[in-house]
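Here's the structure we're looking at; comments come further down.
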Amino acid sequence: MNDVQQAMWASMRVPLAMMSMASDWMTQMMNAFSAGAGGAPPGVPMPVPQLPGAPGKESTMRDHDLSGDGVKLVRWRVLFTKREYEVAFPEEDAVLTYDAGAAEYGGQKLAEFFAAAQAGAVPRPAVWQEKDYPPGAGDDGWTIPEDDRRYVRFHFRVVDRFDRQPANYAKDQVEVLREISAKIG
């Protein structure tokens with residue numbers, strides 16, 4: 001298995017504990033709604049029940065749904081969580097116009113990130129340069145050692161959604177035909 005395939009495989013695994021926590025969280029939300037907990041006015045984020053490990057903190061619901069054919073503005077970043085080498089790479093925005101799953105999208109973006117790093121398009125963070133990490137990395141590119149790829153995380157959220165504009169194929173064809181006609185005659 002090559003580096004890109006391994007990175008994609010690693011990004012597609014979903015820990016069972018995370019699925020269990022998400023299920024518990026969803027159950028808490030549904031119970032709160034059915035118990036008449038009320039709702040927030042339109043346009044105001046709804047506080048969600050507390051998640052385990054975050055005592056006393058309220059958060060707003062994050063949008064991680066990439067399904068649908070509408071236009072989605074997605075903000076994403078790659079994190080590296082190895083102790084003493086922790087780094088959050090710069091956030092990037094992307095426009096997504098097709099139906100996608102989180103694992104598929106994360107795998108694609110991680111593969112692109114690793115390819116860019118290997119080509120030298122992603123600078124090594126200062127903390128890595130100080131500690132000469134990854135070993136043997138140069139200015140022309142770097143690769144995370146295979147044993148350390150387990151510390152790579154992909155984080156994303158859908159920032160906004162827009163309706164997709166209807167296609168104007170007929171109008172475009174008429175315009176092209178007029179251009180051809182003007183050149184011919």
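Collect the residues in region 112-145 that are small (G, A, S), part of a helix (DSSP H, G or I) and touching a residue at least 24 places away in the same chain (Cβ under 8 Å), keeping them in residue-number order. If you could, list the steps in order and put the result at the bottom.
Keep residues of region 112-145 that are small (G, A, S), which gives 115-117, 119-121, 126, 136-138, 141.
If we keep only those that are part of a helix (DSSP H, G or I) too, we end up with 115-117, 126.
Across region 112-145, the qualifying residues are A115, A117.
Select from region 87-127 the residues that are over 13 Å from the mean Cα position of the chain (by Cα) and of a type in the set (D, E, K, R) and write down the one among them that is surrounded by the fewest Cβ atoms within 10 Å (Cβ to Cβ).
So, considering only residues that are over 13 Å from the mean Cα position of the chain (by Cα) and of a type in the set (D, E, K, R), the one surrounded by the fewest Cβ atoms within 10 Å (Cβ to Cβ) is D99.
Cβ contacts < 9 Å: first residue polar (S, T, N, Q), restricted to region 60-84; second residue part of a loop (DSSP other than H, G, I, E, B), any location; separation 6+ or different chain. Result?
Sorted first by the residue in region 60-84, then by its partner, the pairs are T60/P45; T60/M46; T60/V48; S67/D99; S67/A100; S67/G101.
Condition first: among the basic types (K, R) and under 14 Å from V74 (Cβ atoms). Now tell me which residues in region 97-134 satisfy that. Walk me through it before giving the result.
Start the filter on region 97-134 by keeping residues that are among the basic types (K, R), which leaves 109, 124, 131.
Hit for region 97-134 is K109, nothing else.
Between residues in region 161-185 that are exposed (fewer than 10 other Cβ atoms within 10 Å of the Cβ) and residues that are not small (G, A, S), which pairs lie under 9 Å by C-beta distance while being six or more apart or on different chains?
These pairs meet every condition: D163/V71; Q165/V71.
Here is a check on your reading of the model: is D148 outside any loop (DSSP other than H, G, I, E, B), in contact with a Pro (Cβ under 8 Å, 6 or more places away or on another chain) and at negative phi?
So D148 fits the description; yes.
The numbers here are math on the coordinates, done by the rules we state, and not lab data. Being a predicted model, the structure only gives us computed values, none of them experimental. Don't worry about glycine lacking a Cβ; one is built from the backbone with ideal geometry, like all the others, and counts go over all protein chains shown.
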